[in-house]
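Shown next, in structure tokens, is the structure this report addresses.
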Amino acid sequence: MMGGSMKEKILVLGRGEIARSLFDICKQTELSVTFLESADELGPQLRDTDIIVQFVADGLELPHLKESDFIGKYKVWLIEVIDQSVTRAAGRMGCSERIVGFSISKSFQERRFIEVIGGERTGSDAVTTARNLFERLQFTVVISKDHPGYILNRVVASMINEAIYVSMYGLAQMEDIDQMMRLGANFPMGPFEYADYLGLDRVLKTLEWLAEELGPQYRPCPLLRRKVEAGLLGKKTGKGFYEYGI
């Protein structure tokens, strides 16, 4: 497990902006950190690494592991989870007791918060190791149960979905809904602005997972699905519910 005096070796595996940002945060500490964009590049580094932090939102596949991959040190593999349970992902990877999930918001650079999730077979030491790592990086850590959507994504995606339904049925304009939530509920962004910020494809994946596991009350609004099918994913594509000068 991670102690205070050891110089742990961390490997950040990912392609997107969030992965690179976490790598930059690690570099500001005493941790020894490496950044890779592909699991194909792991090779011998795997056995010489204490903790792997893998982002999967950018199309990186989860590797299949075997116990021999962990010989020599106590290692933990942290995986970003968006649209599946940690238990399911760990079952596909193997070595389930070493796999810990995390869910991170795009705004983490300003607010430094993260959800850490253990699967059904995740060891308590692995969860503690993950928590200690993120706390050393000055994150506020919330331990979440392995349930659909976890905490933040479930609440936010549900709110966004309801707002889209309200707009689709002509009950209010999206600009008015956003303004109402900013002024009336003191939200930093309205639900349509937040959806564009997160990425409409990510919101849709979360809702599909919630609907599959928990029932039709989470069924994605057809308008959201059409936006995603049209490639209008929000800020990252220049247009979602709003247009952006990209």
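The values are calculated or read from the model by the stated rules, or taken from the named source; none is laboratory data. Small disclaimer: the values here were computed from a predicted structure and weren't measured. Here the Cβ is made from the backbone with ideal geometry for all residues, glycine too, and neighbour counts use every protein chain on show.
Which residue, of Asp196, Asp146, is under 30 Å from Thr87 (Cα atoms), under 23 Å from the mean Cα position of the chain (by Cα) and surrounded by fewer than 20 Cβ atoms within 10 Å (Cβ to Cβ)? Spell out how you get there, then give the answer.
On the way: Asp196 fails: surrounded by fewer than 20 Cβ atoms within 10 Å (Cβ to Cβ).
None of the other options fit; the residue is Asp146.
Has region 162-178 got at least one residue that is closer than 24 Å to Ile114 by Cβ and touching a Ser or Thr at 6+ places or on another chain (Cβ under 7 Å)?
The answer is no, given that none of the residues of region 162-178 is closer than 24 Å to Ile114 by Cβ and touching a Ser or Thr at 6+ places or on another chain (Cβ under 7 Å).
At negative phi and touching a Cys at 6+ places or on another chain (Cβ under 7 Å): which single residue out of Asn161, Asn153 fits that description?
None of the others qualify; the one that does is Asn161.
Could you please find all residues in region 90-120 being exposed (fewer than 15 other Cβ atoms within 10 Å of the Cβ) and in contact with a helix residue (DSSP H, G or I) (Cβ under 6 Å, 6 or more places away or on another chain)?
Gln109, Glu120
How about region 160-246: which helices (runs of 4 or more DSSP H) wholly inside it have at least 3 residues that are touching a residue at least 12 places away in the same chain (Cβ under 8 Å), closer than 20 Å to Gly149 by Cα and among the hydrophobic types (A, V, I, L, M, F, W, C)?
Working: elements: 174-184, 191-198, 200-214, 222-229.
Filter on region 160-246 gives 191-198, 200-214.
A quick yes/no check of all residues on (1) of a type in the set (A, V, I, L, M); (2) under 24 Å from the mean Cα position of the chain (by Cα); (3) in the same structural domain as Gly101 (by TED's automatic domain parsing); (4) modelled with pLDDT under 95:
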{"site": "Gly123", "(1), (2), (3), (4)": "no, yes, yes, yes"}
{"site": "Ala126", "(1), (2), (3), (4)": "yes, yes, yes, yes"}
{"site": "Asn132", "(1), (2), (3), (4)": "no, yes, yes, yes"}
{"site": "Met159", "(1), (2), (3), (4)": "yes, yes, no, no"}
{"site": "Ala172", "(1), (2), (3), (4)": "yes, no, no, no"}
{"site": "Pro191", "(1), (2), (3), (4)": "no, yes, no, no"}
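On the basis of being touching a residue at least 12 places away in the same chain (Cβ under 8 Å) and within 19 Å of Glu8 (Cα to Cα), does Phe113 make the cut?
No; evaluated as a whole, the condition is false for this residue.
Does region 98-115 contain any residue that is within 18 Å of Val53 (Cα to Cα), over 18 Å from the mean Cα position of the chain (by Cα) and assigned to a helix (DSSP H, G or I)?
Yes, that holds for at least one residue.
With respect to Asn132, determine if the residue is in contact (Cβ under 8 Å) with a residue 40 or more places away in the chain and touching a helix residue (DSSP H, G or I) at 6+ places or on another chain (Cβ under 6 Å). Full working, then the answer.
Values: in contact (Cβ under 8 Å) with a residue 40 or more places away in the chain: yes; touching a helix residue (DSSP H, G or I) at 6+ places or on another chain (Cβ under 6 Å): no.
It is false that Asn132 is in contact (Cβ under 8 Å) with a residue 40 or more places away in the chain and touching a helix residue (DSSP H, G or I) at 6+ places or on another chain (Cβ under 6 Å).
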